[in-house]
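Chemist: I'd like to ask some things about the structure below.
Read-outs throughout are calculated quantities, based only on the coordinates presented, and are distinct from any laboratory measurement. This structure is a prediction, so every number in the text was calculated from the model and none was measured. Glycine also receives a Cβ, built like all others from the backbone with ideal geometry; neighbour counts cover every protein chain displayed.
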Amino acid sequence: MPKSELVLRVAIPSPLYSSFDYLPPDNCDPTQLKKGMRLRLPFGRSQTVGILLEVSDTPQIERHKLKPAIEVLDNEPLLTNELMSLLLWCSDYYHHPIGETLATALPTALRQGEAATTKHRSLWCITDSGREVDTDKLGKRAKRQADLLLRLSASHAGLTAAHFKELPRTWIDAMAVLVKNGWADMEQIPALEFGHPKPETGPELNAEQANAVERIHNCLGMFSAFLLDGVTGSGKTEIYLRSIDAVLKNNQQALVLVPEITLTPQLVGRFKRRFNVPMAVMHSGLNNRERLNAWLLARNGEASIIIGTRSAVFTPMSRPGILIVDEEHDSSFKQQSGLRYSARDLAIVRARKLGIPIVLGSATPSLESLLNVEQLRYQRLSLPKRAGSAKPPKISLLDVRSQNMEEQLSAPLTQLIQHHLGNSNQVLLFLNRRGFSPSIICHECGWVGHCRRCDTHMTLHMQKRHLRCHHCGSQRPIPQQCPDCGSVDLRPLGSGTERIETVLTEQFPDIPISRIDRDSTRKKGSLDAILNDINSGEPRILIGTQMLAKGHHFPDVTLVGILDGDQGLFGVDFRAGERMAQLIIQVTGRAGRGDKPGQVIIQTHHPDNPMLQLLCQQGYHAFAKAAQSERQLTALPPYSHMALLRAEANHSLPAEHFLDQAHTLAEQLGTHGIELYGPMPAVMERRAGKYRYQLLLQANKRADLHRLLGPWTMQLNKLPEARKVRWSLDVDPVDLI
Ligand code: ADP
Ligand code: ZN
Ligand code: ZN
C-alpha cells in the first residue's frame with residue numbers, strides 16, 4: 001500500500017458515535033504516526049483536536065471528499081496503549097461516543113491542543129554559609145532578606161513561591177540577593193507535592209491489619225481485587241500506606257482515588273509525613289495548567305503517588321503498581337453528566353488490564369461490592385475493631401413522637417448535649433439539609449415559595465437573605481408579603497443547618513458553634529479554619545451536613561446526634577435506605593475516636609422500623625444483609641442490571657414522545673431478558689425549566705441488556721423526535737431521580 005493512500009481515522013469530541021477520516025497533514029509520513037497522538041483538525045467551520053485511532057487504507061468515505069489534518073500535535077502517543085484500551089472498553093460499556101470518551105480522559109489543556117510539556121518550578125534552600133549569616137546584623141534595609149533567611153533555615157525540604165504568597169512581590173528580588181551572596185541555592189523541581197525528608201514509620205500493626213497487608217503484598221504484580229471492609233478508625237488508611245510503601249520499594253507508582261470531600265490537606269499531609277517521594281494531587285481546585293502538570297508527571301513516572309478524585313482514574317502511569325479506592329461506596333465516584341462512568345468500576349477494569357492489585361476500602365461497603373465478595377470476585381479483608389485504644393460508640397434510637405421539639409432538637413437530646421458539654425467534650429449534630437429552612441410558607445393562606453424553573457420549593461437562606469433553589473441555582477429576595485394573599489406572616493417551613501445553628505446559639509449562648517456545610521465552607525481555606533477551631537479541643541457544638549460525615553477525625557466529640565433519622569426511610573430511590581445507613585455509620589464513626597468513649601443518638605418518628613433497629617443494634621453488616629435479601633426478592637441491583645434513558649425538552653410532550661419511540665425501537669431490536677419501564681416523568685419533572693422523562697431498562701443478565709444497548713444507542717439519534725430533546729444514557733445509574 002503506497003503511503004499516499006493512507007487515511008487517518010480519528011476520534012473527535014462530538015455526540016456522534018462514528019470516527020472521522022482525514023488525510024495526513026502536508027509533509028507528514030502517516031506510517032510514523034501512532035494511535036493515541038493528537039491532531040489538530042478542520043471541523044465544520046472551525047478547528048478541533050482529535051485523537052488518532054488508526055492509520056487505515058480503507059477510507060469510510062470517498063478520498064476526494066476528505067480534508068487534510070492541520071498538524072500533528074504530539075511526537076509520542078499521549079494516551080498509552082493501556083489507557084486507549086481502557087477507554088475503548090469504557091466507550092463500549094457505557095455506550096458513549098468514543099470521541100467524547102477520550103476527551104473526558106484528557107486534562108482540559110490537552111483537549112484544547114496545548115503542548116504536552118511540563119513546567120518546573122523553583123525551589124530555594126539555605127546553604128551552609130546562609131546558616132552562618134547573623135540576621136540581626138543584616139541591617140534595616142535588608143529586613144526582607146533576613147525574613148527569607150529565617151524561613152529558609154526553618155525548612156528541611158526548601159521552599160517554593162507558594163510559600164511566599166502573602167509577601168509583596170518584591171520578595172523575589174530579596175531572594176535573588178540571597179542566591180547571589182551564596183546564602184541560598186535555587187533549583188528547578190517538578191511541580192509536585194513532596195513528602196517529608198525523614199518520613200514517619202507508622203504504628204505497629206495489629207493482627208488483622210498485618211494479615212490484610214500480607215495478603216495484599218502476596219498479590220503484588222498480579223490482578224487481585226480486595227474489599228478492605230473495616231469500621232471507621234480501624235486503620236484502613238494505615239493498610240493503604242503500608243501497601244503503597246511496598247509498591248514504592250518495587251519502584252512502582254500508586255494511584256489513590258478518594259471522594260471529593262475527603263481530599264483534604266489533612267489527608268495529603270498524612271501521605272506526605274509517611275513518604276519521601278513526589279506526589280501528584282489532583283483535586284478540583286487545580287487550574288488547567290496545574291492539572292496538566294500533574295497528569296504529565298504521573299505519565300512520565302516522576303510522581304510516585306497520585307491522589308485524586310473521580311477523574312484521576314484516567315491518569316496515565318509509566319510504572320503502575322497498585323490502585324486504591326477509598327470510601328468505595330461513595331456515589332461521587334459516579335459521574336452524573338456526559339460520560340456517566342463509575343470510577344470505582346473502571347478502576348477494577350483497569351487493574352485487571354494492568355495485572356496489578358486493587359484495594360477498595362470502606363466502613364460501609366456498597367451492596368454491589370459485598371455481592372462481589374460473596375461471588376468470590378473480591379477477597380474480603382476485615383478490620384472489625386478500631387485500631388489503638390478507641391472504643392466503638394454506642395448507638396441508640398430516640399423516639400421523638402410527641403416530644404417537645406425545638407426545631408428538630410428534642411428535649412432529651414438537648415439535655416444530653418448539655419451533659420456532654422458539661423464534661424468538657426464536643427458534640428456533633430448531623431442534618432443533611434443546608435440553609436435556614438427548606439422553604440417559606442404563608443401562615444394565612446398556605447402559599448409556599450416554589451422555584452419558577454423547577455418542581456420544587458426554594459430554600460430559605462437567612463444569612464444571605466434570599467430564597468435559593470438548590471437544583472437550578474436561581475435565587476430571589478425573601479418576599480415581604482405573600483404574593484397570593486398579601487399577608488406579612490411568612491414563616492420558615494422546616495429546618496436546615498443554618499436554623500439549627502441559630503437555635504443552638506440561643507440555647508447555648510456560651511458555647512462556640514461551628515457549622516460545616518457547603519455554604520459555610522465556600523470560601524477557600526474556610527474549612528481548614530473551622531477544622532482548626534475544632535481541633536483546639538474546647539467544648540463546642542459542630543453542626544453540619546454530610547461534609548461532616550467523611551474523613552475527618554474529631555477526637556473530642558463524644559456525642560453525635562442524627563437529627564433526622566427518618567430521612568432515608570421514605571426516599572424515592574431504592575438506594576435511599578442504603579445511603580442513609582452509610583451516612584449514619586459514617587457520622588457515627590466521628591465519635592469517640594480518641595480515648596473518650598462515644599455515644600450516638602438517632603432521632604426518629606419510627607423507632608420500630610426494622611431496618612433502623614437492625615442498623616443500631618447489630619451494625620452495618622446486619623443491615624446490609626437484610627437490604628441484600630430485599631433487593632434479591634425484588635430483583636433490584638446488584639441482583640439485576642439497569643440502564644436509564646433520560647430525555648429532557650422545553651415541553652413535556654417531545655420528551656415523552658421521544659422515549660415512546662425509543663421504547664418501540666427497543667422492541668423492534670429485541671428485548672429478550674429485558675424489562676422496560678416507562679416513559680415516566682422524573683421525580684422532579686421540571687428542573688431548570690426543562691421537562692424530564694425517563695425510560696428504565698432492567699435485566700437479570702448484563703449481557704442481555706448490553707446486546708440491546710449497542711444497536712439501540714446508535715439509532716436513537718435517527719428517531720423523529722430526537723432533534724427536539726436532549727437525551728442521555730446512564731448505564732448502572734446510581735440516581736434514578
Ligand atoms: P481508617 O482509615 O479505617 O478510618 P486510620 O488508618 O485513619 O483508620 O486509623 C485510625 C487511627 O488509628 C489513626 O490515628 C491511626 O494512626 C491509628 N492507627 C492505625 N493503626 C494503628 C495501630 N495498629 N496501632 C495504633 N494506632 C493505629
Ligand atoms: Zn398568603
Ligand atoms: Zn430551580
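Chemist: Could you work out how far apart the two model spin labels at K523 and S382 are, taking each label as a point 7 Å from the Cα in the direction of the beta carbon, and quote it in nm?
Modeler: Going from the K523 label point to the S382 one covers 4.8 nm.
Chemist: Let me ask something additional. Relative to a virtual label point 7 Å from the Cα of L669 in the Cα→beta-carbon direction, which members of region 309-341 show backbone nitrogen distances below 20 Å?
Modeler: What the label zone holds, given the 20 Å backbone N cut-off, is 338-341.
Chemist: Okay, next question. For region 689-737, which trypsin sites (Lys or Arg not before Pro) are in a loop by DSSP, counting at most 16 other Cβ atoms within 10 Å?
Modeler: K701, K718
Chemist: Given a Förster radius of 35 Å and the C-beta distance between D399 and N423 as r, what FRET efficiency does 1/(1 + (r/R0)^6) yield to the nearest 0.05?
Modeler: After rounding to 0.05, the efficiency reads 0.90.
Chemist: While we're here: State the extension gain, in nm to one decimal, for the chain segment bounded by K137 and K391, taking 0.36 nm per residue of separation less the distance between their alpha-carbons. Kindly include the intermediate steps, with their values, before the conclusion.
Modeler: On the way: separation 254, 0.36 × 254 = 91.44 nm, distance 5.56 nm.
My answer for the length gained is 85.9 nm.
Chemist: Multiplying the sequence separation of E407 and R723 by 0.36 nm and subtracting their Cα-Cα distance, what value in nm do you get? Let's see the in-between values first.
Modeler: Working: separation 316, 0.36 × 316 = 113.76 nm, distance 4.86 nm.
So the chain would gain 108.9 nm between E407 and R723.
Chemist: Within straight cross-link reach of K34, meaning Cα distance under 21 Å, which lysines are found once same-chain residues fewer than 8 apart are removed?
Modeler: K3, K67, K353
Chemist: Run the reach check for K143 against aspartates and glutamates, Cα to Cα strictly under 14 Å, same-chain hits fewer than 8 apart removed. What comes back?
Modeler: D134, D173
Chemist: Same structure, new question: Using θ = phi - 60° and the Karplus relation 6.51 cos²θ - 1.76 cosθ + 1.60, list the HN-Hα couplings for region 638-647 in order, rounded to whole Hz, with x at every Gly or Pro.
Modeler: Values per residue, Gly and Pro as x: x, 8, 8, 10, 10, 9, 10, 9, 10, 9 Hz.
Chemist: State, to one decimal in nm, how far the label point of N27 lies from the label point of H196, with both points 7 Å from Cα in the Cβ direction.
Modeler: It works out to 5.5 nm between the two label points.
Chemist: What nm value, rounded to one decimal, do you get for the distance between Q375 and Q335 when each label is placed 7 Å out toward the C-beta?
Modeler: Here the answer is 2.5 nm between the modelled labels.
Chemist: For region 26-86 and region 234-273, what is the separation of their Cα centres, given in Å?
Modeler: Each part reduced to its Cα centre gives a spacing of 38 Å.
Chemist: In the structure shown, do any of K165/K198; K690/K718; K249/K524; K165/K272; K249/K596 have a Cα-Cα gap over 31 Å, and if so which?
Modeler: Details: K165/K198 26 Å; K690/K718 22 Å; K249/K524 36 Å; K165/K272 21 Å; K249/K596 38 Å.
Where the Cα-Cα span goes over 31 Å, the pairs concerned are K249/K524; K249/K596.
Chemist: Residues of region 610-653 with amide nitrogen under 14 Å from the 7 Å Cα-to-Cβ point of L569?
Modeler: Under 14 Å, as judged by backbone N against the label point of L569, lie 610-616 of region 610-653.
Chemist: Would you mind counting up the charge near E166? Only other residues with Cβ under 14 Å from its Cβ, with Lys and Arg at +1 and Asp and Glu at -1.
Modeler: On the way: positive: R144, R151, K165, R169, K524; negative: D147.
Residues close to E166 contribute a combined charge of +4.
Chemist: Further question: Taking θ = phi - 60°, what integer Hz values does the Karplus form 6.51 cos²θ - 1.76 cosθ + 1.60 yield along region 561-568, in sequence order, with x for Gly and Pro?
Modeler: x, 9, 6, 10, x, 7, 4, x
Chemist: So if R0 is 45 Å, what FRET efficiency would M186 and E260 give, r being the distance between their Cβ atoms, rounded to the nearest 0.05? Show your work: numbers first, answer last.
Modeler: Details: r = 35 Å, r/R0 = 0.78.
That pair, M186 with E260, gives E of 0.80.
Chemist: If amide H atoms are built 1.01 Å from N in the plane of the peptide, which residues on other chains or at least 5 residues away come under 5 Å of the amide H of I441?
Modeler: Those qualifying (amide H under 5 Å, at least 5 residues apart or on another chain) are R491, L493.
Chemist: Now a separate question. Using 0.36 nm per residue, how much length does the chain from D173 to S56 gain when fully extended, once their Cα-Cα distance is taken away?
Modeler: Working: separation 117, 0.36 × 117 = 42.12 nm, distance 5.65 nm.
Here the answer is 36.5 nm.
Chemist: Name the residue farthest towards the positive end of the dipole of region 207-383 from the options N251, L339, H283, assuming +1 on Cβ of Lys and Arg, -1 on Cβ of Asp and Glu, about the Cα centre.
Modeler: Value: N251.
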